[in-house]
1. Count, please, the residues in the range A:39-63 that happen to be assigned to a loop (DSSP other than H, G, I, E, B) and within 6 Å of DNA strand D (Cβ to nearest atom).
2. Report, by residue number, each residue of the range B:23-38 that is more than 12 Å from residue B:67 (Cβ to Cβ), in contact (Cβ under 8 Å) with a residue 12 or more places away in the chain, outside any helix (DSSP H, G or I) and within 12 Å of DNA strand D (Cβ to nearest atom).
3. Please tell me if residue B:45 is free of Cβ contacts under 8 Å to residues at least 60 places away in the same chain, farther than 16 Å from residue B:133 by Cα and crowded, with 19+ Cβ neighbours inside 10 Å.
4. Would you say residue A:72 is buried (at least 18 other Cβ atoms within 10 Å of the Cβ) and in a helix (DSSP H, G or I)?
5. Could you say whether any residue in the range B:14-22 is under 30 Å from residue A:79 (Cβ atoms), at pLDDT below 90, within 16 Å of DNA strand D (Cβ to nearest atom) and in a loop (DSSP other than H, G, I, E, B)?
6. Within the bounds of the range A:47-64, is there any residue that is modelled with pLDDT under 90, within 26 Å of residue A:5 (Cβ to Cβ) and more than 8 Å from every other protein chain (Cβ to nearest Cβ)?
DNA sequence: ACATACCTGACTAAAATGGTCAAGTTTAGA
DNA sequence: TCTAAACTTGACCATTTTAGTCAGGTATGT
């Protein structure tokens, strides 16, 4: 299962974006500075977010990115999917129509991973960018 | 977040073990053959399972491993913990008492990962080896 | 025209993964 | 008592993934 910094950065950047894009397009440079994420890396991430129609880009001076949907309609599952964070649990090697590991049967734990995957996906499907915004205060420690 | 083959192998091996250890100690060689997991790798895994008192070893000829607890008392969370599958989501770099990323604040998404972690752990805490055994038939495809 | 900001693809150091290999020790059973 | 089966330990390693960097673009508002 993968769930790494790339996904975290994507979420952080989008929350940041959502907080400011109603005024102006937000440049990656600003997000980079505010969130402490490398600009070059952000560009990779936003390229994917754009392909998946989560954000729109506006080129040129004063340009930047804007959300392409209502924050309430952007679920975490969409974000992770966009940046290739596959919320997939361990795969059985060479799983095929025939079964796991080339055998004609499913392996003992096969159903378990299916269940887990559903469990995690449900969490992400029920969580929108809007939910995070409501909780957006950077709480003091 | 890590959730890899090592965890899957550990679970597969323990289910296998649970099915046969009431008769005799089960050798890793048998598990290796039945489950298609490298013997050397199994040894690494069982070394950790033993340290965490999930299995007992019996040395010598006809030796092998035996469960050290009732299958109902072995939760998946115990297994993953034993083999260092940390069910931890992405960490904020250098998180400290002071906050995330060296700042005095928690990062925007901090609570999210905490919630997710709890969500996944709940799943694993409620799932025991016994639950898997009940479902143990290698269902035909 | 030119600075700002997006866009693209190649490249890479470091870490994690999924093992292998070698050299033991222990003990049941012949 | 000898020996083979089985556990034990630790070093090692190839491959893949991660988390970026770097170097060049292209588009556009002012």
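1. Number satisfying all stated conditions: 4.
2. Selection gives B:24, B:27.
3. So residue B:45 passes the test.
4. So residue A:72 fails the test.
5. Filtering the range B:14-22 for residues under 30 Å from residue A:79 (Cβ atoms) gives none.
Scanning the range B:14-22, I find no residue that is under 30 Å from residue A:79 (Cβ atoms), at pLDDT below 90, within 16 Å of DNA strand D (Cβ to nearest atom) and in a loop (DSSP other than H, G, I, E, B), so the answer is no.
6. no
The values are calculated or read from the model by the stated rules, or taken from the named source; none is laboratory data. The shown structure was predicted, so the numbers you read here are calculated from the model rather than taken from an experiment. Because the Cβ atoms are built from the backbone with ideal geometry, glycine has one as well, and the counts that use them run over all protein chains shown.
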